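Visitor: Below is the structure I would like to discuss, written out as structure tokens.
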Amino acid sequence: MVDTTPATAVQHADPAATPRLHDVELTINGQTHHLSIEPNVVLLDALRERLGLTGAKKGCDHGQCGACTVLVDGRSMNSCLMLASMADGCDITTVEGLAKPDGTLHPVQQAFLEHDAYQCGYCTAGQMMSATAILNDPSIERTDASIKDAMSGNICRCGAYKNIHDAIKTADARLNGGE
Amino acid sequence: MRAFDYTRPGAVDAAIATHARANSAYLAGGTTLLDLAKINIMQPDQVVDINGLGLDRIERLKDGRVQVGALVTNTALARHELIETHYPVLSQALLSGASTQLRNKATTAGNVMQRVRCPYFRDGTSPCNKRDPGSGCAAIGGVNRETFAVLGTSDQCIAAHPSDMCVAMAAIGATVSVMGPNGPRDIPFDAFHLLPGTSPAREHALEPDELITHVTLDAPPGGARSGYLKLRDRASYQFALASCAAQLSVEGGVIRAPRIALGGVATKPWRATDAERMLDGKVPSRALFEQAASAAFNGATAYEHNAFKIPLGRHAIIAELGALTGLETMQEVS
Ligand SMILES: Cc1cc2nc3c(=O)[nH]c(=O)nc-3n(C[C@H](O)[C@H](O)[C@H](O)COP(=O)(O)OP(=O)(O)OC[C@H]3O[C@@H](n4cnc5c(N)ncnc54)[C@H](O)[C@@H]3O)c2cc1C
Ligand code: SF4
Ligand code: FES
Ligand code: FES
């Protein structure tokens, strides 16, 4: 998809001082997007405001809550602390890309559904992206303690942690044959 | 976020030349810089993205030292075989820091250069000699608990250095290699971070436009063991209240080449050299560890809300030394 409308995330007092726009190519959930974007636009805002991908949420905007977690080249990252320009050429997965095109849920999504692993749902996309990355990462041990530690960058203000943890264990069993 | 220009040079000399042209900041992982740019605490007109410089390798040098590129991520460093095998203290310190997502993004040089977590520094309005030299320090008579130091403070600034990684590097011994407009130079790790003294705005030994290219870890002595203990308000994803990085070997029943560094309690990654001297050549015992731990906090200054860090820091030392020497020390400490 080619999108050439200028970014609007920042208002400049002095238009003459407006930094030049940057052309960025992002592959998101398998689809290539070309954006012309101001340098100070973070990936989270580009996803939400420019591309209509509102699954990733803005909780804190400072790397503290994990609601904005997406996968960049397979690794979980806070999209609020990453310029869209830094992601040029990267392969990005958001929560919108987890399910199969036919609508079949990803095992992590299915497990979250079965375990009722949310209340308000605001943190859920970030939780599922972190869980997906962790379950793909053989360096993270499959003990309760290390899963909890690896997930600690995702805050749930409703306190659904117990069900989130149980959902991750179920998804692990289905994906990796864990207990 | 404030507006800035963005460039992504492909070579170190181009990055330095570009940086010199404006009020600039190097951009590595961005987890400190963008955080602080959003609240106007850092105000670059230009960011120079250094992710294209190829400084992301870890190599063992012929002399046994390990050279870590400035852009190696905290995750990649923590999980690297050389680090897990020869520097467990570094791997543990890195994995105790921040969150999975942040470690995937944060880099070695960025971690060395991270800014203090003092809430008065971050609020943008309180008197703060670090942010606004000469304005005073709101923390000294304020709520000075978790992110404040008891060692290396001055009457100008008491903010603790927040890094876990740097505490491990201080214990291991390291060299920071930089490149600048006047060429390359090496800075010993202990000399890199500066005490606040009368100029808390000056935090490190970099000259204008200098870029960190590598951090090289000293070779550990034969038979060395090492580990990191971090004590904090919750079990994960929290800065240290007190932490201890230790590396030593035990030969013929006595401690050799002890290295101890402290985090959370000091204004820079803190070598406890008095404690090291006390341990060297001695038979491990609980009494010895208590003496060394006390020596480490000689001259500490407690502030209204952080006096607990002195006994907590001593506990951290005693427990980590106990873990490394196989002594059971996790009992009540006087
Ligand atoms: C919510 C949260 C929790 C955290 N918890 C912890 C914790 O528990 N323990 C811990 O240790 N840390 C913690 N951190 C801090 C984190 O480790 C740092 O933000 C990170 O290491 C910075 O690295 P970066 O690559 O993202 O740096 P950047 O943000 O890219 O850069 C930081 C600074 O370094 C400069 N810089 C970067 N690279 C170079 C270079 N090569 N040469 C010269 N200057 C350079 C930049 O200009 C900037 O001033 C936390 C951070 C957040 C947001
Ligand atoms: S402790 Fe340091 S950083 Fe915090 S308000 Fe005082 S001068 Fe500023
Ligand atoms: S919105 Fe990015 S971590 Fe909170
Ligand atoms: S479900 Fe509400 S914040 Fe997690």
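Visitor: Determine, yes or no, whether B:Arg8 is among the charged types (D, E, K, R), within 16 Å of A:Glu38 (Cα to Cα), away from ligand 4 (no atom under 16 Å from the Cβ) and in contact with a Gly (Cβ under 9 Å, 6 or more places away or on another chain).
Guide: Yes: the conditions hold for B:Arg8.
Visitor: Criterion first (open to solvent by less than 50 Å² (accessible area, probe 1.4 Å) and either in contact with a Gly (Cβ under 9 Å, 6 or more places away or on another chain) or not in a loop (DSSP other than H, G, I, E, B) (or both)) does B:Ala323 satisfy it? So that I can check it myself, show each step before the final result.
Guide: Details: open to solvent by less than 50 Å² (accessible area, probe 1.4 Å): no; either in contact with a Gly (Cβ under 9 Å, 6 or more places away or on another chain) or not in a loop (DSSP other than H, G, I, E, B) (or both): yes.
So B:Ala323 does not fit the description; no.
Visitor: Residues being more than 16 Å from ligand 3 (Cβ to nearest atom) and outside any helix (DSSP H, G or I): count how many of those fall in the stretch A:150-166.
Guide: Qualifying residue count for the region: 2.
Visitor: Condition first: within 12 Å of another protein chain (Cβ to nearest Cβ) and of a type in the set (D, E, K, R). Now tell me which residues in the stretch B:1-42 satisfy that.
Guide: B:Arg2, B:Asp5, B:Arg8, B:Asp35, B:Lys38
Visitor: Only one residue in B:Ala93, B:Ala98 is touching a Cys at 6+ places or on another chain (Cβ under 9 Å), touching a residue at least 60 places away in the same chain (Cβ under 8 Å) and under 26 Å from B:Ala323 (Cβ atoms). Which one?
Guide: B:Ala93
Visitor: With (1) away from chain B (no Cβ under 14 Å); (2) within 16 Å of ligand 4 (Cβ to nearest atom); (3) surrounded by 13 or more Cβ atoms within 10 Å (Cβ to Cβ) as the list, and A:Ile155 as the residue in question, which single condition is left unmet?
Guide: Exception for A:Ile155: condition (1).
Visitor: Any chance you could count how many residues in the stretch A:71-91 are crowded, with 24+ Cβ neighbours inside 10 Å, farther than 19 Å from A:Gly153 by Cα and more than 8 Å from chain B (Cβ to nearest Cβ)?
Guide: Selection size over the stretch A:71-91: 2.
Visitor: Could I ask something else about it? Give the number of residues within the stretch A:76-110 that are in contact (Cβ under 8 Å) with a residue 60 or more places away in the chain and under 17 Å from B:Val47 (Cβ atoms).
Guide: Summing the residues that are in contact (Cβ under 8 Å) with a residue 60 or more places away in the chain and under 17 Å from B:Val47 (Cβ atoms) in the stretch A:76-110 gives 4.
Visitor: Looking at (1) modelled with pLDDT of 95 or more; (2) open to solvent by 40 Å² or more (accessible area, probe 1.4 Å); (3) farther than 23 Å from B:Tyr26 by Cα, which is the only condition A:Pro101 fails?
Guide: (1) is the only condition that A:Pro101 fails.
Visitor: Kindly provide the set of residues from the stretch A:54-104 that are under 20 Å from B:Ser99 (Cβ atoms) and of a type in the set (S, T, N, Q), ordered by number.
Guide: A:Gln64, A:Thr69, A:Ser76, A:Asn78, A:Ser79, A:Thr93, A:Thr94
Visitor: Still on this structure, please answer the following. Taking the residues in the stretch B:184-217 that are more than 15 Å from ligand 1 (Cβ to nearest atom) and more than 16 Å from the chain's Cα centre (by Cα) as candidates, determine which candidate is surrounded by the fewest Cβ atoms within 10 Å (Cβ to Cβ).
Guide: Among those that are more than 15 Å from ligand 1 (Cβ to nearest atom) and more than 16 Å from the chain's Cα centre (by Cα), it is B:Thr198.
The values are calculated or read from the model by the stated rules, or taken from the named source; none is laboratory data. Treat the numbers as computed from the prediction; the structure is a model and nothing was measured. Cβ coordinates were reconstructed from backbone atoms using ideal geometry, including for glycine residues, and neighbour counts include every protein chain displayed. Note: areas computed on protein heavy atoms with side chains; ligands, DNA, RNA excluded. Shrake-Rupley method; radii C 1.70, N 1.55, O 1.52, S 1.80 Å.
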